[in-house]
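Novice: Let me give you the structure first, and then I'll get to my questions.
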Amino acid sequence: MSCAISHESPEADPSSRTAPPSRSNAPASFEDDLVGRRLGSFRLLRRLGTGGMGAVYLAEHVVIGSRVAVKVLHPSLSTDSSILQRFHAEARAVNLIGHEHILKIYDLCHEDGLHYLIMEYLEGQPLSRYASEPLPAEKAIPLLAQVCDALAAAHDHGVVHRDLKPENIFLVERRGAPPFVKLLDFGVAKLLEDAAAITSAGMVVGTPAYMAPEQFESGPIDGRTDLYALGAVSYQISTGRLPFNSDKVAQLMRAHLVSVPTAPNLVRKDIPARWSEITLRALSKRPEDRYRDARAMKADLLASMDAPAPRPAAPAAQKPAVPRPVRPTFNVDVLEAKGNAGRRTTGMELSKDGVFLAGAGFAPRLFSTLHLTLHGAAGGVVRLEGEVVRYVSSAQALAWGMSEGVGVQFVHVTAAQKRALVALLKGVPIPPEPEPALDAANVGGPDPEVVLAPLRKRASKVGDPYAVLDVSIDADASTIRSRGRELRKGLQAVRTPRASAEQVAEAERLMERISRALQMLAEPPLRAEYDAAIGNYVGIAQSIAAGLTVTELERLRSRFLAERPKAASHATLETMCARSFEQQGELEQAAAAYERALRYDPLDLLVHQRLSSLRRQQRHEQRPSAPA
């Protein structure tokens, strides 16, 4: 008999992360000291396993004799708010989903300084032990399909697992029937704010061997992140090895970001070609190239079992997967929007959408505008406008084996510029730029005063970045950046012969105010701090969706509450009212109470999540039912 943890050897329990178990903060006998102890209505019978966060025990109800598994957080960790939050997150996420393929958690308790979860007790083994050797398609695909069912349910409720791996896929033994999948460990799961993921940007969370590229890059996280991990699991159980393997996290990171794994059916000839294709699609670098959701992946997996066997020559005819080709480098002259800070750098990784500018010490402001002149190796130049969208620091460059520099996204690309980019990519001479067509009705450009007047009025509200940019207080990051580009483009058009020296100078001042407002609202920590000060909790929700880290959020919240001693108590009262309304089924009143709580404490992540969940529930209940 076994549970989600090995009984024979102390493996890391499902709550632990990538680090090996550590007990340096407490006596080694802590886990054994709890055996025989009563927690609530259950007595701990024996330890099932230990890990970096604590231990899991088999427990029995002292009256009726029912058996459960009890996960106890190590006392030395219970004072760490981030770890305690992760421990509680598992219970909240699982309770929200409630699916047969997800481990049930019955209660979350705190007693005598111990935090513990009461969970269902499972008999079986994790997939990591069941699939110690490659599995044939007829055994593996039904298991993967059940995992898809569990993920679909989680994603439907706005929960992303973020640490899917064979150790967290438990196979329940059923006499005379195939194994039944139970998905474990939602301890690092994140709830989504509507359609946007609450991510922990800048914080690597998960198991590197199964992590999607966007997790390493602190990009937006959604259900397709879990599908990438499922692709890695599919690769492992079909071939007997991981798609990328290394003892060094930096090398794994680099491989997940840029390398293409060998097709599974080229590793093992007996793997069906269709299963191989499904696995590689799930492992696509870009989320948009993967399956749109877990149900679509499940449908293809099940259909692959009915596909005819490939001909012997098929593997040889299949195009082998090769690493992404190295694109040539070229010179780029950079001029910042202010017009007086030019420099030459090296362009790399050119595409029709943007370019990477390599160079140490080159750090233009995030979301600032650059004017670029790209020099073709075969002759000719193309001039483009771009926006700084990403930095690669020296530390990141060293870890990833790439160059330090900035990523630039092209904006306002004309048809002629697109043709020039194609020529540059092909290594052929860039055609000369066409002469601009003259507009007889407006040779001197737009009337400067028409452009400046509305901007002048809004920019006078220096302390209100929303007013300066003319965007709503709940605008998302994409809308804000787009609006900033639009306003700056209009001001750049003022620099015409029709403009006086005073108008050009005013345009420069307005450009600087718009840039400051854009930086304030486009960088999640700055926006959250500003929105907290004005009580704009909907703006903070957008900052969370745009990648505000949990660490940064808690830092801002601690400072916010320290400056407002009564805010926490008022927020707590409103939260208690909201929970009472929820229990009575008064969802609208509950949501209103949660909103009042957020006006007092707008940086409370748990209240944001609860309000978002309520709103989704209300929308679901308001959908018209199908006619009988």
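Novice: Distance between the C-alpha centers of the stretch 207-235 and the stretch 593-607? Whole Å please.
Specialist: 31
Novice: Another question, then. Highest mean first, how do 208-220, 349-361 rank when packing is the count of other Cβ atoms within 10 Å averaged over residues?
Specialist: The most tightly packed comes first, giving 208-220, 349-361.
Novice: Above 24 angstrom, tally the Cα pairs of the stretch 477-619 and express them as a % of all pairs, no decimals.
Specialist: Roughly 46 percent, once rounded to a whole number.
Novice: What is the distance, in nm, between label points placed 7 Å from the Cα along the Cα-to-Cβ direction at residue 486 and at residue 295?
Specialist: Here the answer is 3.5 nm between the modelled labels.
Novice: Taking the simple approach of a point 7 Å from Cα along Cα-to-Cβ for both residue 108 and residue 592, what is their distance in nm?
Specialist: According to this spin-label approximation, the distance is 2.7 nm.
Novice: Please report, in whole Å, how far the alpha carbons of the stretch 39-144 spread along each principal axis, starting with the longest.
Specialist: 49, 36, 26
Novice: 7 Å from Cα along Cα→Cβ at both residue 132 and residue 470: what's the point-to-point distance in nm?
Specialist: Result for the modelled spin labels: 6.9 nm.
Novice: At a 10 angstrom cut-off on C-beta neighbours, averaged per residue, how do the peptides 255-261, 159-165, 37-43 rank from highest to lowest?
Specialist: Highest to lowest by the protection proxy: 159-165, 255-261, 37-43.
Novice: Here's something else I'd like to know. For the stretch 252-292, just say rounded, prolate or oblate: build the C-alpha gyration tensor, square-root its eigenvalues into a ≥ b ≥ c, call rounded for a/c under 1.5, and beyond that prolate if a/b exceeds b/c, oblate if not.
Specialist: Oblate.
Novice: With a 10 Å radius around each residue's Cβ, average the other Cβ atoms per peptide and rank 57-63, 142-148, 222-228, 593-599, highest first.
Specialist: Descending mean neighbour count gives 222-228, 142-148, 593-599, 57-63.
Novice: Quick check: from the Cα gyration tensor, does the stretch 537-628 come out rounded (a/c under 1.5), prolate or oblate?
Specialist: oblate
Values quoted throughout were computed directly from the atomic coordinates according to the rules given, and no laboratory measurement underlies them. Just so it is clear, the structure is predicted and the values come from calculations on it, not from any experiment. Because the Cβ atoms are built from the backbone with ideal geometry, glycine has one as well, and the counts that use them run over all protein chains shown.
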